[in-house]
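Heads up, the thing below is written out as structure tokens.
The values are calculated or read from the model by the stated rules, or taken from the named source; none is laboratory data. What you see is a predicted model; the values in this text were computed from it and never measured. All Cβ positions, glycine included, derive from the backbone under ideal geometry; neighbour counts span all protein chains shown.
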Amino acid sequence: MAAIIALERISKHYSKTIIGVDDVTLSVEDGEFVTLLGPSGCGKSTLLRMIGGFEAPTHGRIHLAGRDVTWEPPYRREVNMVFQDYALFPHMTVGENIAYGLKMGGADRATARRKAAEALDLVGLPEKIDQKPHQLSGGQRQRIALARAIVRRPKVLLLDEPLSALDARMRDQMRMELKHLHEKVGITFIMVTHDQEEALTMSDRIVVMEQGRVAQDGRPQDIYDNPASPYVANFIGTTNFLSATVQSLADGLAGFAAAGTRIDAPTDRALRVGDTVTLGFRPEKARLLAPGQDASTCLEGPITEVIYYGLGLRIAVDLGAGQTVFVDTLLPDTLIRSDIPKPGSSARIAIEPHNIFVFPEGVHP
Amino acid sequence: MNRIRNNLAGAMVLGIPLVWILLFMLLPYGILATYSFWVKSYPTFKPAFQFGNYATLFTDPQYFQVLLRTLKISALVSASSLLLAYPFAYWLVFRCRSQGVRTWLYLAVIAPLWVSYLLRAYIWKTILGTEGILNSFLIWSGITDAPSDIFLYNQFAMVLTLTYIFIPFMVMPIYSAMERIPRNLTEASADLGMNPWQTFARITVPLSMPGIAAGFTLTFCLSFGDFIAPFLVGGPDGNLIASVIQTQFGSALNWPLGSALSIVMLIIVLSIVSLSDGMERRGAVGV
Amino acid sequence: MAQANRPGSLSRFGADTAFMTFIAVLMAFLYIPIWVLIAFSFSSSRSLTWPIPGLTLDWYRKLFANTDLQAAVWNSLYVATFATLLALVVGVAAALALHRFDFPGKTLFRRLILLPITLPGIVTGISMLNMFKLLGFPLSLETVIFGHATALLGVVVTQVYARLQRLPRSLEEASGDLGATPLRTFLYITLPNLRSAILGAGLLSFVLSFDEIPVTFFLTGRDNTLPMYIYSTMRRGVTPEINAVGTLIVLASLILIVLSVIATRDRGGER
């Protein structure tokens with residue numbers, strides 16, 4: 001497969017000190033669903049807007065299907081955007097909104113109307129063709145915005161926080177619809193979001209951004225299972241962090257001293273004995289040990305808090321020295337109330353070595 | 001920036017108003033300023049560079065008193081407009097429960113703006129005059145037995161007329177400033193134990209300050225430059241600075257002095273505008 | 001909350017009554033004079049005194065026979081139409097420039113263009129009079145048009161600029177994204193969304209120009225506009241004929257107000 005979008009060392013400097021995007025190189029393959037993920041201000045939207053042509057990079061080049069479009073205005077790029085606020089034209093009907101791009105492309109009235117109707121069918125709202133945007137609900141506007149953007153069959157569809165204006169229920173539904181639409185039309189999707197769940201469920205590939213740079217780029221599961229940094233580990237999913245010192249190194253398995261105990265974990269990082277590192281593990285990958293049970297790696301401390309979240313319990317355990325970790329436990333339906341751990345009682349947590357992340361240096365996120 | 005450099009349309013969008021400002025504002029003001037330094041040489045005037053005209057304005061009591069009187073009357077007009085407009089706007093925005101009533105009452109106060117300003121001044125002449133409607137009404141109803149000349153041709157008549165004319169300019173900015181005050185701020189204030197008066201004094205008034213400043217500026221400046229009301233209802237001690245300017249360009253044929261007066265007026269208006277701009281900006285930052 | 005309100009309900013009632021009275025007085029202050037104007041236009045007596053001795057339409061008949069007055073009306077229409085058109089072209093451009101571009105001197109630019117709103121017309125009138133005389137332009141209705149357009153610029157700019165600020169930037173970006181050139185974006189997206197603001201500003205400018213005296217006073221040649229004609233009639237004294245003109249003007253204003261309310265009313269979806 002060929003790269004449909006190639007970003008070559010793209011930077012956007014607003015001034016010497018204010019940097020929006022910093023030296024990003026990225027290639028997106030034809031038909032991929034790529035998500036740019038990060039907190040607000042990380043440069044993800046700016047990057048998307050540069051691909052759309054709404055902002056110009058200060059350095060670097062943008063290639064679209066092999067053509068350099070760095071300096072092309074939006075109306076000469078074969079990409080289309082779904083705006084965060086949808087940007088439906090309030091003075092036009094739904095049909096006119098969708099046909100707008102076709103007419104600008106030189107299509108005649110009849111063709112434009114026919115294609116607009118097809119696009120409306122695709123998003124499941126054929127009966128809305130003569131309504132005005134303000135007569136529609138949020139979810140319907142979202143679909144019209146989608147239809148308007150894909151009706152021109154762009155090479156790439158850009159989606160700027162497309163689901164952020166919807167309520168939670170609608171958002172879940174649209175996630176699946178967007179994913180199905182992507183499969184149906186086969187256009188490359190590049191989406192910007194700050195919602196990790198959205199990124200994990202919808203995309204083929206996630207690009208995590210941090211302060212204008214790419215922090216990690218990979219398949220959702222790879223990023224979840226092998227975060228490149230504490231930042232990524234904390235942004236996608238929840239991660240417990242422990243500061244640790246390297247005690248021994250042998251055959252890719254390192255021994256660490258952390259929280260008053262010894263923890264073993266496999267690592268391919270170049271470490272030396274005595275180095276300070278940060279260990280991380282996910283609450284759902286740890287488990288509470290029943291009395292009498294034993295495990296190779298075991299953390300111990302009093303329970304400070306028990307949080308009920310429907311599916312299960314999240315238990316906070318104080319390991320001393322100001323370090324608190326969380327461990328998740330599902331609530332099997334046979335559980336008797338008295339078995340629920342209580343704050344104040346002591347708990348032991350077991351973690352398998354392969355579930356532990358090792359990050360060099362004591363960087364705490 | 002590069003959009004301007006790169007396209008002709010952008011250049012026109014900026015260029016047309018820029019040329020207009022240069023041609024019809026800066027150039028005329030420049031000429032006006034130049035003339036203000038010239039000297040009168042009956043029946044015309046000749047170039048010079050001297051401050052005689054300005055000296056006359058500030059030393060000749062005839063002019064200086066007019067200037068002071070104009071300031072006084074403008075201030076009174078602004079103050080009385082504020083007294084009428086503020087409670088009105090307050091009631092509309094915070095107490096009126098019906099959207100329909102609010103819209104209609106607001107429209108009712110703004111609508112007179114659309115009715116000829118000359119007529120609105122003229123009406124008061126017909127009402128207040130010795131042979132006017134008020135006097136004949138008072139006699140007809142038996143309250144007085146002879147027509148009185150106390151109503152017309154004095155400063156009271158002028159303040160009344162100018163207030164009547166310019167009050168929409170006070171209502172509009174105050175109303176929109178109050179509309180912008182988030183309703184939950186007054187609710188929060190009440191929730192925090194403030195009584196309505198405290199809420200009014202600590203929340204509503206400070207947050208509507210930008211509107212008050214804008215309204216004061218408009219009514220003050222407009223009254224300051226008016227020469228219709230003085231002509232119609234002003235009388236002998238109702239001469240305002242604009243009437244004097246008009247005379248200099250008319251019968252007195254002293255264009256340099258008139259120009260100097262206009263420049264003084266321009267400077268006063270500019271200082272008031274920038275003063276209130278500053279206040280509005282501070283108000284905006286405070287929000 | 002409920003407890004805090006209860007003792008206050010009596011004083012609240014008192015306050016509401018006070019407010020109602022105040023608003024009634026304010027409305028009386030604003031509208032009784034206008035009704036007086038209208039009433040006396042039908043008075044059979046030449047002097048404006050109460051009570052009105054009898055009713056007549058004579059003053060209206062006189063108006064329709066008055067050719068000077070009719071000429072003045074046509075002059076005013078001519079001036080107001082072209083002054084409004086000019087103010088709209090320049091004002092919309094200025095509002096766009098203020099909204100879109102950053103350029104050196106922008107603050108000064110804004111100050112200047114909005115200045116005529118607060119600047120008394122007499123200064124605009126006199127400064128332009130000086131210039132036209134200096135440049136050797138004879139005073140005419142056309143010089144009045146330029147004067148009015150300058151004085152009205154600020155009105156157009158404030159209204160259009162306010163609308164531009166409420167117009168999401170993304171609409172124009174979306175248009176560009178869908179393949180429209182900047183010119184087409186302006187014609188198909190920006191302009192239709194400014195429509196009601198431009199109409200409203202245009203109507204207001206028209207009325208203000210139709211009604212204008214201070215600038216006209218200095219810039220007109222031999223031709224009189226309607227307010228100038230009325231003004232010169234007033235010098236000769238108070239007559240019911242002026243009331244009759246006034247009544248017709250009030251009527252025309254009323255029609256224009258209704259028109260402007262209809263024209264500028266935002267349709268449901270527009271914010």
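Just to be sure before I move on: is C:Val157 within 17 Å of the chain's Cα centre (by Cα) and at pLDDT 90 or above in the structure I sent?
Yes: the conditions hold for C:Val157.
Tell me, please, whether a residue that is within 12 Å of chain A (Cβ to nearest Cβ), under 23 Å from the mean Cα position of the chain (by Cα), more than 30 Å from A:Leu159 (Cβ to Cβ) and assigned to a helix (DSSP H, G or I) can be found in region C:208-231.
Scanning region C:208-231, I find no residue that is within 12 Å of chain A (Cβ to nearest Cβ), under 23 Å from the mean Cα position of the chain (by Cα), more than 30 Å from A:Leu159 (Cβ to Cβ) and assigned to a helix (DSSP H, G or I), so the answer is no.
Just for region B:238-258: of the residues that are at negative phi, touching a residue at least 40 places away in the same chain (Cβ under 8 Å) and over 21 Å from the mean Cα position of the chain (by Cα), which one is nearest to the other protein chains (Cβ to nearest Cβ)?
B:Trp255
State yes or no: is C:Val156 crowded, with 23+ Cβ neighbours inside 10 Å and away from every other protein chain (no Cβ under 11 Å)?
No: the conditions fail for C:Val156.
Please work out which one of (1) within 8 Å of chain B (Cβ to nearest Cβ); (2) buried (at least 16 other Cβ atoms within 10 Å of the Cβ); (3) modelled with pLDDT of 90 or more is the condition C:Val36 fails and give its number.
(3)
Just checking, how many residues over region A:105-117 are surrounded by fewer than 21 Cβ atoms within 10 Å (Cβ to Cβ) and either in contact (Cβ under 8 Å) with a residue 24 or more places away in the chain or of a type in the set (Val, Ile, Thr) (or both)? Even if it seems obvious, please write down each step before you answer.
Taking region A:105-117 first, the residues surrounded by fewer than 21 Cβ atoms within 10 Å (Cβ to Cβ) are A:105-111, A:113-115, A:117.
Applying the additional criterion that residues be either in contact (Cβ under 8 Å) with a residue 24 or more places away in the chain or of a type in the set (Val, Ile, Thr) (or both) yields A:105, A:111, A:115.
Qualifying residue count for the region: 3.
Kindly evaluate C:Leu115 against the criterion of being at pLDDT below 85, crowded, with 21+ Cβ neighbours inside 10 Å and touching a Gly at 6+ places or on another chain (Cβ under 9 Å).
no
Between A:Gln221, A:Gln196, which is of a type outside the set (Asp, Glu) and surrounded by fewer than 17 Cβ atoms within 10 Å (Cβ to Cβ)?
Details: A:Gln196 fails: surrounded by fewer than 17 Cβ atoms within 10 Å (Cβ to Cβ).
So the residue among A:Gln221, A:Gln196 that is of a type outside the set (Asp, Glu) and surrounded by fewer than 17 Cβ atoms within 10 Å (Cβ to Cβ) is A:Gln221.
Among the listed residues A:Glu183, A:Glu177, A:Glu197, identify the single one that is closer than 20 Å to A:Arg141 by Cα, out of contact with any Asp or Glu (no Cβ under 8 Å at 6 or more places or on another chain) and among the charged types (D, E, K, R).
A:Glu177
Restricting to strands (runs of 3 or more DSSP E) lying wholly in region A:176-286: which have 1 or more residues that are touching a Lys or Arg at 6+ places or on another chain (Cβ under 8 Å) and either charged (D, E, K, R) or under 30 Å from A:Ile150 (Cα atoms) (or both)?
On the way: elements: A:188-193, A:205-210, A:213-218, A:240-250, A:253-258, A:261-266, A:276-281.
In region A:176-286, the matching strands (runs of 3 or more DSSP E) lie at A:188-193, A:205-210, A:213-218.
Residues in region B:119-137: is at least one more than 7 Å from every other protein chain (Cβ to nearest Cβ), among the charged types (D, E, K, R) and not in a helix (DSSP H, G or I)?
no
Conditions (1) assigned to a helix (DSSP H, G or I); (2) surrounded by fewer than 17 Cβ atoms within 10 Å (Cβ to Cβ), marked per residue:
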{"site": "B:Ile181", "(1), (2)": "no, no"}
{"site": "B:Ile212", "(1), (2)": "yes, no"}
{"site": "B:Asp226", "(1), (2)": "no, no"}
{"site": "B:Phe231", "(1), (2)": "yes, no"}
{"site": "B:Gln246", "(1), (2)": "yes, no"}
{"site": "B:Ser251", "(1), (2)": "no, yes"}
{"site": "B:Ala260", "(1), (2)": "yes, no"}
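Across region B:7-25, what is the number of residues that are more than 7 Å from every other protein chain (Cβ to nearest Cβ) and either touching a residue at least 12 places away in the same chain (Cβ under 8 Å) or within 26 Å of C:Pro120 (Cβ to Cβ) (or both)?
Total satisfying the criteria: 4.
Check C:Leu194 against each of (1) part of a loop (DSSP other than H, G, I, E, B); (2) at pLDDT 90 or above and name the one condition it does not meet.
If we test C:Leu194 against (1) part of a loop (DSSP other than H, G, I, E, B); (2) at pLDDT 90 or above, just (1) comes out false.
Would you check if B:Leu152 is buried (at least 18 other Cβ atoms within 10 Å of the Cβ), without any contact (Cβ under 8 Å) to a residue 40 or more places away in the chain and either within 8 Å of chain C (Cβ to nearest Cβ) or more than 27 Å from B:Trp91 (Cβ to Cβ) (or both)?
Working: buried (at least 18 other Cβ atoms within 10 Å of the Cβ): yes; without any contact (Cβ under 8 Å) to a residue 40 or more places away in the chain: no; either within 8 Å of chain C (Cβ to nearest Cβ) or more than 27 Å from B:Trp91 (Cβ to Cβ) (or both): yes.
It is false that B:Leu152 is buried (at least 18 other Cβ atoms within 10 Å of the Cβ), without any contact (Cβ under 8 Å) to a residue 40 or more places away in the chain and either within 8 Å of chain C (Cβ to nearest Cβ) or more than 27 Å from B:Trp91 (Cβ to Cβ) (or both).
Identify, from the list B:Val269, B:Val273, the residue that is in contact with a Cys (Cβ under 9 Å, 6 or more places away or on another chain), part of a helix (DSSP H, G or I) and under 23 Å from B:Asp60 (Cβ atoms).
Result of the check over B:Val269, B:Val273: B:Val269.
Within region A:105-151, how many residues are within 14 Å of another protein chain (Cβ to nearest Cβ), under 23 Å from A:Glu78 (Cβ atoms) and hydrophobic (A, V, I, L, M, F, W, C)?
The qualifying residues number 11.
Restrict the check to region C:97-108 and report whether at least one residue is over 18 Å from B:Leu14 (Cβ atoms) and in a helix (DSSP H, G or I).
Taking every residue of region C:97-108 in turn, none turns out to be over 18 Å from B:Leu14 (Cβ atoms) and in a helix (DSSP H, G or I).
When you scan region C:48-66, do you find a residue that is surrounded by 14 or more Cβ atoms within 10 Å (Cβ to Cβ), in contact with a helix residue (DSSP H, G or I) (Cβ under 7 Å, 6 or more places away or on another chain) and under 23 Å from C:Ser205 (Cα atoms), even just one?
No, there is no match, as no residue in region C:48-66 is surrounded by 14 or more Cβ atoms within 10 Å (Cβ to Cβ), in contact with a helix residue (DSSP H, G or I) (Cβ under 7 Å, 6 or more places away or on another chain) and under 23 Å from C:Ser205 (Cα atoms).
Being among the β-branched types (Val, Ile, Thr) and farther than 22 Å from B:Gly215 by Cβ is the filter here; which residues of region C:112-159 pass it?
Of region C:112-159, the ones among the β-branched types (Val, Ile, Thr) are C:113, C:117-118, C:122-124, C:126, C:143-145, C:150, C:155-158.
Within region C:112-159, C:Ile126, C:Thr143, C:Val144, C:Ile145, C:Thr150 qualify.
Any residue in region C:176-205 that is among the acidic types (Asp, Glu) sitting within a Cβ distance under 7 Å of a residue that is outside any helix (DSSP H, G or I)? List the pairs, counting only those 6 or more apart or interchain.
Correct list of pairs: C:Asp177/A:Asn80; C:Asp177/A:Met81.
Among what's in region C:192-207 and is touching a helix residue (DSSP H, G or I) at 6+ places or on another chain (Cβ under 8 Å) and within 14 Å of chain A (Cβ to nearest Cβ), pick the residue that is surrounded by the most Cβ atoms within 10 Å (Cβ to Cβ).
Residue satisfying both the conditions and the ranking: C:Ala197.
Can you name the residue in region C:126-141 that is more than 9 Å from every other protein chain (Cβ to nearest Cβ) and small (Gly, Ala, Ser) and is also farthest from C:Ala162 (Cα to Cα) among such residues?
Once the filter is applied, the top-ranked residue is C:Gly136.
Can you tell me which residues in region C:100-112 are over 14 Å from B:Leu266 (Cβ atoms) and either surrounded by fewer than 13 Cβ atoms within 10 Å (Cβ to Cβ) or at the interface with chain B (Cβ under 9 Å from one of its Cβ atoms) (or both)?
C:Arg100, C:Phe101, C:Asp102, C:Phe103, C:Pro104, C:Gly105, C:Thr107, C:Leu108, C:Phe109
Could you tell me which of the residues A:Ile62, A:Ile19, A:Ile51 is within 14 Å of chain C (Cβ to nearest Cβ) and either at positive phi or among the β-branched types (Val, Ile, Thr) (or both)?
Answer to the check: A:Ile51.
How many residues are surrounded by 21 or more Cβ atoms within 10 Å (Cβ to Cβ) and in a helix (DSSP H, G or I) when one looks only at region B:233-242?
Taking region B:233-242 and keeping what is surrounded by 21 or more Cβ atoms within 10 Å (Cβ to Cβ), we get B:233-234, B:238, B:240-242.
Now restrict to residues that are in a helix (DSSP H, G or I): B:233-234, B:238, B:241-242.
Of the residues in that region, 5 qualify.
Per-residue answers, yes or no, for (1) free of Cβ contacts under 8 Å to residues at least 12 places away in the same chain; (2) of a type in the set (S, T, N, Q); (3) farther than 30 Å from B:Thr186 by Cβ; (4) touching a Leu at 6+ places or on another chain (Cβ under 8 Å):
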{"site": "B:Phe45", "(1), (2), (3), (4)": "no, no, yes, no"}
{"site": "B:Pro61", "(1), (2), (3), (4)": "yes, no, yes, no"}
{"site": "B:Arg97", "(1), (2), (3), (4)": "yes, no, no, no"}
{"site": "B:Trp104", "(1), (2), (3), (4)": "yes, no, no, no"}
{"site": "B:Val109", "(1), (2), (3), (4)": "no, no, no, yes"}
